[in-house]
Amino acid sequence: MSDLLHLLENTPFTSDLCVKCNICTAHCTVAPHTDLFPGPKHVGPQAQRMRQPGAPSVDHSVDYCSGCGICTLVCPHGVRVMEINTQAKAAMVETHGISLRNWFLGRNEVWGRLGTPFAPLLNFGTGNRVLRWAAEKTFRVSARAPLPRWAGYTFRGWWVRRQARRGIRGEKAAEACDPARTVVYFHGCATNAYEPHVGRTAIAVLEHLGFEVIVPPLRCCGLPMQSNGDFKAARHYARENVAWLEPYARRGIPIVGTAASCMMALKGDYIHILNMSDAATQAVAAGVWDFMEFLRHLHTIGRLDTNFRRIDRRLPYHAPCQLKAHGIGRPALDVLALIPGLEMEEIDADCCGICGTYGFKAEKRAISEAVGQPIVEHVRAGGHDQVVCDTETCRWQIRSLTGAETFHPVMLIAEAYGLRMAEIDDPPRQPGA
Amino acid sequence: MANLACDVLVIGGGATGVCAAYDLARRGLQVILADRNDLSTGTSGRFHGLLHSGGRYAVRDPESARECIAENRILRRIAPGIVEDTGGVFVAAPQDPPDYADQWVTACAAAGIETEEIAIPALRRREPALRPDLVRAFRVPDGSVDGFDLGHAFSRAAESYGARFLLYHRVTALAYTTDGMRATLNSADGTAVVVEARWVLNAGGPWAGEIAALAGHDLRVRWSRGVMIAMNIRWVNTVVNRLRPPDDGDIVVPVGTVSVIGTTSVAASSPDDNTIEPWEVSKMLDEGEALIAGFRTARALRAWSGVRPLYEPPGAAEEGADGRGLKRTFSVVRHGPGFTSVLGGKLTTARLMAEKAADDVCAGLGVDAPCTTAAEPLPAGTERRYHTLGHRLALLESGKMPGALICECEMITRPQLEEAIAAYDHVPALDDLRRDLRLGMGPCQGGFCAVRAAGILRQARDLPASEAVEALRVFVAERFKGGRPLLWGQHLRQFLLDEMIYRRILGLDACGDSRPAASLSLPPWATDETPIPAAAGQRVVVIGAGLAGLAAAVHAVQAGARVRVLAAGLGRLILTPGWFALGTFAAHPGVEAFRRWAAGQDLIRLAEGGRLPSLLGIPRTVDLAPEGLAAGAIDGATPVLIVGFAGWRDFDAALCSGMLAAAGVSCRAVSIDLPPRHEGWDLSPTELAHRFDDPAFRAEVAQRVRARLNGEARVGFPAVLGLHDPRVRAEMAAWIGVPVFEVPTLTPSVPGTRLYNTLKRWLLRQGAQVQVGHPVTRLIVEGDRVTGVAVASAGRETIFPGDAFILATGGLYGGGLLSDDRGHVWEPIAGLAVMAGDDRTAWFRDTLLDPAGHPVHTFGLRVDEALRPLNETGHPVCANLTVAGHALGGFSPLAGGYDEGLDLASAYAAVRAALQA
Ligand SMILES: Cc1cc2nc3c(=O)[nH]c(=O)nc-3n(C[C@H](O)[C@H](O)[C@H](O)COP(=O)(O)OP(=O)(O)OC[C@H]3O[C@@H](n4cnc5c(N)ncnc54)[C@H](O)[C@@H]3O)c2cc1C
């Protein structure tokens, strides 16, 4: 931290930039729906001036911040409001400890993996009203929260088996890869346990484009722990991921992921929220791509196959908060615009309300649902039964609020390429062979 | 003329005086303390805030060092509530003399000051703002002490032993009598008081010489002035000293919510010399930079200077003009029987100074009670405040500080203000409340809290609205005086925001919003009537999401272009009253086009303006306004009811109605409770507006208002009648039975937010992309065309391509221009040519609300007749890049009364020109 810019980019110090204009207050998604949250300006830069590093945390209203990050986006002055809030939550956890519920919600990776063999049972449980009611009473996990369904197999398991079928064991080391024809795929926990088909489709699209795909045994990105204030655990996972990814990043091998939120953790949160400003973390951040962003990039450099089949549909698209935070525009819209016949309309909604694990919490469920109303209105008014969106938890939330089917934009890409699941499981040719 | 008698009259209510009053009273003497002002308004209120460990003096002035460390320990023991135990460090920068450290360590040891070396990485884990290239660091037991708190604590302690305080009483004459002295005091209201005292103790600080002279004595005081700057946040939580022989700007002290850097040492011409020279400000920033990289770009909040009294004993040798060489210990001087002076020293050693002075007084009076102030803590209950940074936040969060939060920056609530006001027997100035509570001392410098506090003052003292508004004006003027030496960078943006609030939302400049700008000679683009060319398929990139940027996007979409708006954040739209000042641009086709567009948008339909009430009920002349605001046009004939919400801080109905009445409107105010009674955190205007979107809520409000109607023909509400639902106002009017209008509130402005939301939604529906949080950092230029812009995305930059580009990044407020303390103004994206003055002291006129505006308002980009920005050699930078809105130089939209006119007209012309290129 020796140059000027750095100082005022250091999250807590960005409170210096706040001129109190209230733009963040006006656009906060949570504050209008509850008296318990004093708004982003107050819990952010304002309270920050009164927070003493190292001293016990004295404020708790920041717990109602959902972390959607719209405040940081709309701030014309460069205050990292949401990031300040998330760090304040971590200070709370440091002082008061973490609730069992929040600890549990942060361990997406573990319950996703451990639950897989028991998928039918668990899916019955999460679909059962009585059990959900009991869970809400005992565990304060909302009975209305859009819990995912276990797929019954993991993406990772599928990948390892598939590689084994092709006689490949372990992942190719960075030095052995051709940077121009290799990508690393980061699947994330939700793809692993609940939506492995998204990962399979992503692999198929990448292979269709001539890339050799590497899937290192990465950990949870840490985001669910981070947003519940458990920075210690989040940093632990973050460091493991960085250690895995750094050699690939240093070789210029793109790290691509379909979970826009995990990718934002790697690109931005490790640095600005978890305060990991070391060179390795920065190198990884610079090499990470959101999946659709990567396709858009391929198009820019003339490497995207635009031989798309026609899809005659008009579909609403929701840009997740975490995707907006990338600062890359709406790559899904830019790429899907290349598919003939397909018309996309961006829903005018700042947030769907789920915010990772926020909308799962009993005391926040009503807020979460209220935040998502603009999406409900849009979908109803347009009579849509499908919504496109780049992150898993948002898709579950939107599905639960609107009843519409939700999917990642990569599904449309695969459809436009005419890729079928059977081929995805058993690729017709070895990439590069 | 009143006559009082006492044993000892202490003159001066600074640290030394209050400690002396306490000491003497404890020894059983009858004490009166007189100060010409409030307590701690002399040097003790204008000092650096450091509870010295003595390390600073260890090498050169060991006696001072020993006094400091001893008193430091005593003060922590007897008055822990006024000391924040920050600890301190001495750090050596690479440029500091390398051999000084060891010499200093030895000297500290000799003076009894414990030091402990700490590795730089370990130090930086605690203090991440410090430079990594520091060479050595040592911990010392420094602390931070608040002069006002010290004054309060010791004066209350003295009172508990029977001392009396005559504040706002200036001693104007002193004469020896047979058994002591007679002092004549003049009070602030002009009455005189005579005090017969057996002894007088002169604790007049830098004024001690003048006081001694009243009795004919020659007390030679040299004055040394020092400047300090409070930085907006606590860059460090430990006192940081430079490890070098004492010099300018080598200490940073965390004090309350800020960190203070100081000081200079300049020979002053009088004890009242409070000048702050620009070089002193720059010097402080330079020195700060040596400790904290980036310090210069950080925000300086207030600057002040104080005058040290350095006692020059008769025959003292010249010790260098700056006085830094004169010793910093103190002196007690017995002038004659009945008269002693004490001066010099430090706030840290005030107790010791008082002890020695009191010893002398007691010896003179034949009293042999010993000093006991060092042995026992201050009496219970005399210390009210507690020094942890998070104290107010903790109280607020725990519900122990209920009521509306009025000063958000420093966290002061309505009940606290009411209590502070009640403590005065006269009507206090808002500035008194500032000193009592830190009102308006935070980053916004009163922009939000001053008007709220004025409303509370009006209510508490039942003042006419005009008097409360006058108090507000005075406060605004004073805050500007304090901020003016520091107006560059982010703090300049703050004052530009505050100025917009004062002039436009509050209407304090009394010159109306829209005025024909007589002096403005219109450039060709402003009168050109040619339409925007068709642009099927062209990719237009608009940089900036203020009114100019979004209007440009609308025009471009209407022309058939594919539009992408990229913005670092949102623009000023929601910081305005919500109405349109068009001025000279009223007839421009861009304005016409925008009106046609707006006519199709239910939520923001526009109507002709008129004279509309500001938040304070001051009439503003407005060209065009959303229907809700326009319905408030002042006609003088119909009686009006202004409705406020009990406890809601962002609109004061009585102030508004009072000022409207003064403008000739028959007017009355009522305050109604919000249903259900609101107990949580304060609602912002947009949050409250959101509640009005709920039909049940607004029906309930309407019913309550209807019950209070008493023949009024119109009802005015703060502008919170619905955020998304366009039917709210009409429905409420139907329920109440008379027309309803809206009056602007503090920001975020609901009419402005409605306008932004409507623009954005419309653009998305048309397939345009609107992306905020996307700061553009540079242009991609090929030949004479821009082909794309780079955005600082997470991880790396992203290039967005396009065919035509509109730069609508705003001016110095919007962030389209940046500025620094050296008077440098620049355009950060492409280094475009800027029209600006480089003498920072001439950027503003003397008063903030000067009707002519300020030179700084005219700073902006230099463009040609087609709005293309020029480079330093006067040539257009690129054919397909044009500028719109407040980024344009040479205009003075705020004072000129054409804020929105400029945005709308230039947006249209900029799109036209960029598409033609
Ligand atoms: C720039 C600067 C920085 C400093 N930093 C520090 C520091 O960090 N730590 C530290 O320990 N010390 C510091 N000091 C020193 C410290 O501020 C002073 O030593 C201390 O405040 C002096 O207090 P005092 O009571 O003697 O004088 P003052 O506080 O000046 O009090 C004198 C009082 O006399 C009153 N008065 C004057 N004339 C009359 C009259 N005719 N009738 C009635 N009343 C009258 C005035 O209104 C005033 O209130 C600093 C000083 C300066 C100038």
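The values are calculated or read from the model by the stated rules, or taken from the named source; none is laboratory data. Everything numeric in this text was worked out from a predicted model, so none of it was measured. All Cβ positions, even for glycine, are placed from backbone atoms using ideal geometry, and neighbour counts span all protein chains on display. Ligands, DNA and RNA are stripped out before the accessible areas are found, and what is left, the full protein with its side chains, is counted by its heavy atoms. Shrake-Rupley method; radii C 1.70, N 1.55, O 1.52, S 1.80 Å.
Please verify whether B:G767 is outside any strand (DSSP E or B), open to solvent by 10 Å² or more (accessible area, probe 1.4 Å) and away from chain A (no Cβ under 14 Å), treating the condition exactly as stated.
Details: outside any strand (DSSP E or B): yes; open to solvent by 10 Å² or more (accessible area, probe 1.4 Å): yes; away from chain A (no Cβ under 14 Å): no.
In short, no.
Could you pull out every one of the strands (runs of 3 or more DSSP E) wholly within the range B:189-244 that has 2 or more residues that are touching a Gly at 6+ places or on another chain (Cβ under 7 Å) and within 9 Å of the ligand (Cβ to nearest atom)?
Output list reads B:221-231.
If a residue must be within 12 Å of chain A (Cβ to nearest Cβ), open to solvent by 10 Å² or more (accessible area, probe 1.4 Å), out of contact with any Ser or Thr (no Cβ under 6 Å at 6 or more places or on another chain) and of a type in the set (A, V, I, L, M), how many such residues does the range B:771-811 contain?
Looking only at that region, the number is 4.
Which one of these is open to solvent by 30 Å² or more (accessible area, probe 1.4 Å), closer than 21 Å to B:A15 by Cα and assigned to a loop (DSSP other than H, G, I, E, B): B:P379, B:P402?
Working: B:P402 fails: closer than 21 Å to B:A15 by Cα.
Sole residue among the options that is open to solvent by 30 Å² or more (accessible area, probe 1.4 Å), closer than 21 Å to B:A15 by Cα and assigned to a loop (DSSP other than H, G, I, E, B): B:P379.
What pairs come up if the first residue lies in the range B:21-36 and is assigned to a helix (DSSP H, G or I), the second is within 11 Å of the ligand (Cβ to nearest atom), and their beta carbons are under 6 Å apart, counting only those six or more places apart or on different chains?
Once the first residue is assigned to a helix (DSSP H, G or I) and sits in the range B:21-36, its partners that are within 11 Å of the ligand (Cβ to nearest atom) give B:A21/B:V10; B:A21/B:L33; B:Y22/B:F154; B:D23/B:A354.
Taking the stated definitions as given, is A:A88 at the interface with chain B (Cβ under 9 Å from one of its Cβ atoms) and surrounded by 23 or more Cβ atoms within 10 Å (Cβ to Cβ)? Lay out the reasoning, then the answer.
Working: at the interface with chain B (Cβ under 9 Å from one of its Cβ atoms): no; surrounded by 23 or more Cβ atoms within 10 Å (Cβ to Cβ): yes.
So A:A88 fails the test.
Quick test of your reading of the structure: B:R222 fulfils all but one of (1) farther than 22 Å from B:P337 by Cβ; (2) out of contact with any strand residue (DSSP E or B) (no Cβ under 7 Å at 6 or more places or on another chain); (3) modelled with pLDDT under 95. Name the failing condition by number.
In the conditions (1) farther than 22 Å from B:P337 by Cβ; (2) out of contact with any strand residue (DSSP E or B) (no Cβ under 7 Å at 6 or more places or on another chain); (3) modelled with pLDDT under 95, B:R222 misses (2) alone.
Limited to the range B:245-265, what total is found for residues that are part of a strand (DSSP E or B) and not polar (S, T, N, Q)? First the steps, then the outcome.
Start the filter on the range B:245-265 by keeping residues that are part of a strand (DSSP E or B), which leaves B:251-255, B:258-262.
When the remaining residues are screened for being not polar (S, T, N, Q), the result is B:251-255, B:258, B:260-262.
Going through the range B:245-265 one residue at a time, the tally reaches 9.
Could you grab me the full set of residues in the range B:601-614 that are more than 25 Å from B:L759 (Cα to Cα) and surrounded by 22 or more Cβ atoms within 10 Å (Cβ to Cβ)?
Here is the first cut: in the range B:601-614, the residues more than 25 Å from B:L759 (Cα to Cα) are B:611, B:613.
Hit for the range B:601-614 is B:P613, nothing else.
Pick from the range A:342-379 the residues that are touching a residue at least 40 places away in the same chain (Cβ under 8 Å) and out of contact with any helix residue (DSSP H, G or I) (no Cβ under 8 Å at 6 or more places or on another chain): which of them is nearest to A:T402 (Cα to Cα)?
Step by step, filter the range A:342-379, then rank; the result is A:H378.
What do you reckon, is A:C71 modelled with pLDDT of 90 or more, at the interface with another protein chain (Cβ under 8 Å from one of its Cβ atoms) and under 29 Å from B:G256 (Cα atoms)? Don't jump to the end; show me each part of the working.
On the way: modelled with pLDDT of 90 or more: yes; at the interface with another protein chain (Cβ under 8 Å from one of its Cβ atoms): no; under 29 Å from B:G256 (Cα atoms): yes.
Criteria not met by A:C71.
Of all the residues that make up the range B:96-113, how many are closer than 25 Å to B:N237 by Cβ and in a loop (DSSP other than H, G, I, E, B)?
Residues flagged as closer than 25 Å to B:N237 by Cβ and in a loop (DSSP other than H, G, I, E, B) within the range B:96-113 amount to 2.
Among the residues of the range A:148-178, count how many are within 29 Å of A:R250 (Cβ to Cβ) and either among the charged types (D, E, K, R) or assigned by TED's automatic domain parsing to the domain that holds A:I398 (or both).
The qualifying residues number 8.
Looking only at the range B:822-881, how many residues end up being part of a strand (DSSP E or B) and open to solvent by 10 Å² or more (accessible area, probe 1.4 Å)? Don't jump to the end; show me each part of the working.
Initial filter on the range B:822-881 (part of a strand (DSSP E or B)): B:825-826, B:834-835, B:860-861, B:863, B:869-870, B:876, B:881.
Going one step further and asking which of them are open to solvent by 10 Å² or more (accessible area, probe 1.4 Å), we end up with B:825-826, B:834-835, B:863, B:870, B:876.
Within the range B:822-881, residues that are part of a strand (DSSP E or B) and open to solvent by 10 Å² or more (accessible area, probe 1.4 Å) number 7.
Those residues that are more than 6 Å from the ligand (Cβ to nearest atom), under 22 Å from the mean Cα position of the chain (by Cα) and under 20 Å from B:A79 (Cα atoms), I need them from the range B:28-52; list them, please.
Answer for the range B:28-52, where residues must be more than 6 Å from the ligand (Cβ to nearest atom), under 22 Å from the mean Cα position of the chain (by Cα) and under 20 Å from B:A79 (Cα atoms): B:S40, B:G45.
For residues that are within 23 Å of B:V542 (Cβ to Cβ) and facing chain A (nearest Cβ under 8 Å), tally how many sit in the range B:737-756. Can you show your working first?
Residues of the range B:737-756 within 23 Å of B:V542 (Cβ to Cβ): B:748-749, B:751-756.
Subset that is facing chain A (nearest Cβ under 8 Å): B:748, B:753.
Total satisfying the criteria: 2.
Considering only residues that are facing chain B (nearest Cβ under 8 Å), in a loop (DSSP other than H, G, I, E, B) and in contact (Cβ under 8 Å) with a residue 12 or more places away in the chain, which ones fall in the range A:39-68?
A:G39, A:R49, A:R51, A:P53, A:D59, A:H60
All but one of (1) at pLDDT below 95; (2) buried (at least 24 other Cβ atoms within 10 Å of the Cβ) hold for A:M276; which doesn't?
(2)
Looking for whichever is open to solvent by less than 20 Å² (accessible area, probe 1.4 Å), within 14 Å of chain A (Cβ to nearest Cβ) and assigned to a helix (DSSP H, G or I) here; the options are B:Q494, B:Q490. Which one fits?
Details: B:Q490 fails: open to solvent by less than 20 Å² (accessible area, probe 1.4 Å).
Criteria check complete, one pass: B:Q494.
Would you confirm whether any residue within the range B:293-300 is within 12 Å of the ligand (Cβ to nearest atom), at pLDDT below 95, farther than 25 Å from B:C68 by Cα and not in a loop (DSSP other than H, G, I, E, B)?
The initial filter retains those residues of the range B:293-300 that are within 12 Å of the ligand (Cβ to nearest atom), namely none.
No, the range B:293-300 has no match at all.
Checking A:D312 against (1) more than 25 Å from A:I398 (Cα to Cα); (2) open to solvent by 40 Å² or more (accessible area, probe 1.4 Å), only one condition comes out false. Which one?
(1)
Taking B:Q459 and the conditions (1) open to solvent by less than 10 Å² (accessible area, probe 1.4 Å); (2) away from chain A (no Cβ under 14 Å); (3) of a type outside the set (D, E, K, R); (4) under 17 Å from B:D650 (Cα atoms), which numbered condition does it fall short on, given that it satisfies the others?
B:Q459 satisfies every listed condition except (1).
Out of all the residues in the range A:17-38, which are assigned to a helix (DSSP H, G or I) and more than 7 Å from chain B (Cβ to nearest Cβ)? Break it down into steps so the answer makes sense when it comes.
Taking the range A:17-38 and keeping what is assigned to a helix (DSSP H, G or I), we get A:17, A:23-27, A:31-33.
Correct list: A:C24, A:H27, A:H33.
Mind listing whichever residues of the range B:394-408 are of a type outside the set (A, V, I, L, M) and within 11 Å of another protein chain (Cβ to nearest Cβ)? Explain how you work it out, then say what you get.
Within the range B:394-408, the subset of a type outside the set (A, V, I, L, M) is B:397-400, B:402-403, B:407-408.
Matches in the range B:394-408: B:E397, B:S398, B:G399, B:C407, B:E408.
Enumerate the pairs (first residue in the range B:568-595 and away from every other protein chain (no Cβ under 14 Å); second residue anywhere and surrounded by fewer than 24 Cβ atoms within 10 Å (Cβ to Cβ) and of a type in the set (D, E, K, R)) with beta-carbon separation below 6 Å, excluding pairs fewer than 6 apart on the same chain, so at least 6 apart or on different chains.
These pairs meet every condition: B:F580/B:D623; B:L582/B:D623; B:A586/B:D623; B:P589/B:E529.
Looking for whichever is more than 7 Å from the ligand (Cβ to nearest atom), closer than 29 Å to B:P337 by Cβ and open to solvent by less than 20 Å² (accessible area, probe 1.4 Å) here; the options are B:A25, B:A58. Which one fits?
Answer to the check: B:A25.
Might you let me know whether the range B:556-570 holds any residue that is at pLDDT 95 or above, in a helix (DSSP H, G or I), open to solvent by 10 Å² or more (accessible area, probe 1.4 Å) and not hydrophobic (A, V, I, L, M, F, W, C)? It would help to see each step written out before you state the result.
Within the range B:556-570, the first condition is being at pLDDT 95 or above, and the residues that meet it are B:556-570.
With the extra rule that they be in a helix (DSSP H, G or I), the set shrinks to B:556-558.
Still in the running and open to solvent by 10 Å² or more (accessible area, probe 1.4 Å): B:557-558.
Keeping just the survivors that are not hydrophobic (A, V, I, L, M, F, W, C) gives B:558.
Looking for residues that are at pLDDT 95 or above, in a helix (DSSP H, G or I), open to solvent by 10 Å² or more (accessible area, probe 1.4 Å) and not hydrophobic (A, V, I, L, M, F, W, C), one finds at least one in the range B:556-570, hence yes.
If you check every pair at least six apart or on different chains, which have Cβ atoms under 7 Å apart with a residue in the range B:330-350 that is open to solvent by less than 10 Å² (accessible area, probe 1.4 Å) first and a residue that is within 7 Å of the ligand (Cβ to nearest atom) and hydroxyl-bearing (S, T, Y) second?
That search, which allows pairs on different chains as well, returns B:V342/B:T16; B:A350/B:T16.
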